Amino acid sequence: MANELQLSIDKLVYGGEGLAHAEGNTVFVPYVLPGEQVRAAVRTKKKKLIHANLVEVQKPAASRIAAKCPHFGVCGGCHYQHIEVREQLRLKKEILRETLARLGGVEWSGQIREHSAEQYGYRNRAQWAFRDALPRAFGYFLAESAHILPIDQCPVLSPRLAETFTKLQELARSNSLPPGILEIEAFADSTDEKIALNVAFERYPKPAKELLAEFKAAIPALESLLLQDDSKKRFDLDGPGYLLHRAGGFTYRVNHLSFFQVNRFLIEDLLETITGGTKGAYALDLYAGVGFFTLPLAKSFAKVVSVDANPSATRDLRTNAEAAGVSVTSENEHAEEFLKKHKEQPDLVVLDPPRAGLGADAAARLANLGAAEIAYLSCDPATLARDLAVLLGTARKPETSIETEHKYEIGEVHLFDLFPQTFHIETLVRLRRVS
């Protein structure tokens, strides 16, 4: 087979690539659109699966646009800047439907309600406090010690994160950045005023006190800094150890090792869509994090139980609940373990798992709780498809060690475009018990 391929792109698939076929092989190539004729170079080949790099778009789709960022296709943080935002949403909905049907046997012909920053007047502002955007661009050139990518701007970062990125670039280019850095994570608060940094070293090149002072001097907006020496499993902190985020009338303390929803333009909408109008005797919040959904649920349910395995997030949740004046039973435990022993029937279950999802057995145990309603927020359509197959009892339901006693049906599907310009899809599925 030739190293260079002439391809016709069939469709986009989850992961940001286009799918094509050549000489009996399935080919994946990035930065394309359905219907385009392209030239691509083989990057890897394993059996009949090829990953290729885009060389030339010979016949572009009518919907293709020029990327606004000169580094698109190089830094790796964005996948869809060549696609207009409305078209991105349409394609993401197609990908979501196809993935649910193919992997889970979940056929949803109803409406997928879309939520994007464009609705709120941010059509020309692709900026959001994206935890991964800085590490992807910045971490890449840290790993490449021989050269530095000339990335001088990043239009998808919030202004404060962009400023931070620039400062770090300046340190790197002047050889003033401490050596041995494995990764830098940057976080902005909900007002985009204060910054927290996580800086992981293979080993500290100098005393922690000196490293802390250097970063503080370089970044004026730095509110809190956490250093890690990976060789000694040691952490050093300067600052309060957290940032504050405000949403839905609540204030959330979020420390360096906790998770929080990152799109500051959509979190109010997300919070209201999941918790608005809900009430009852008992709500269960799985993968609760710092209490993003827990706090408003505690205002409208007589009893709320939150479950999260992260001890840092659990400490934040308990602090946040106390500050909000709400009563919450907080369990610092893996949701899968909690479901093995918990038998009390909730009125509502809210869950926001990581990309791995629940897993088939945990999904079966969740079904057996018999909650009247489940609100499942997912960041990965593939694992969502697997878990829904169990909850809905589709023909593609994976084998489980637990028999399901209840079955659910889909009431609503929402797509929140929390990560515009990327392939990421945040899906909310509302389920109601039917048996």
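Considering only the Cα atoms of the range 185-242, their convex hull presents on average a projected area of 3.8 nm². Here the gap between Leu244 and Ala395, fully extended at 0.36 nm per residue and compared with their Cα-Cα distance, gives a gain of 49.8 nm. Within the chain, DSSP assigns beta bridges of which about 65% are antiparallel (rounded to the nearest 5).
Rounded to whole numbers, the Karplus 3J(HN,Hα) couplings from phi for the range 71-77 are 9, 4, x, 10, 6, x, x Hz, using 6.51 cos²θ - 1.76 cosθ + 1.60 with θ = phi - 60°, and x at Gly and Pro. Taking 19 Å as the limit for the C-alpha separation, the pairs Lys299/Lys407; Lys299/Lys343; Lys299/Lys340; Lys47/Lys93; Lys194/Lys216; Lys11/Lys93 exceed it in the case of Lys299/Lys407; Lys299/Lys343; Lys299/Lys340; Lys47/Lys93.
Using protein chains only and a probe of 1.4 angstrom, how many square angstrom of Lys194 are accessible, to the nearest 10? Spelled out: Lys194, probe radius 1.4 Å, area about 90 Å².
Against the empirical curve 2.2 N^0.38 Å, the C-alpha radius of gyration of the range 166-286 lands at a ratio of 1.31. Projected over all directions and averaged, the alpha-carbon convex hull of the range 354-431 occupies 5.0 nm². Here the range 27-112 is treated as a sphere whose radius is the Kirkwood value from Cα pairs; by Stokes-Einstein at 37 °C and 0.692 mPa s it diffuses with a coefficient of 221 µm²/s.
With the alpha-carbon atoms of the chain aligned to their principal axes, the span from lowest to highest coordinate is 60, 59, 43 Å, starting with the largest. For Thr319 and Glu23, a Förster radius of 51 Å and the Cβ-Cβ distance give a FRET efficiency of 0.30, rounded to the nearest 0.05. Note on the range 269-387: the alpha carbon radius of gyration divided by the globular reference 2.2 N^0.38 Å gives 0.98.
The values are calculated or read from the model by the stated rules, or taken from the named source; none is laboratory data. Because the structure is a prediction, the values reported are computed rather than measured. When we count neighbours, we look across all protein chains shown, and the Cβ atoms used for this are built from the backbone with ideal geometry, even at glycine. Please note that ligands, DNA and RNA were not included when accessible areas were found on the heavy atoms of the full protein model with its side chains. Shrake-Rupley method; radii C 1.70, N 1.55, O 1.52, S 1.80 Å.
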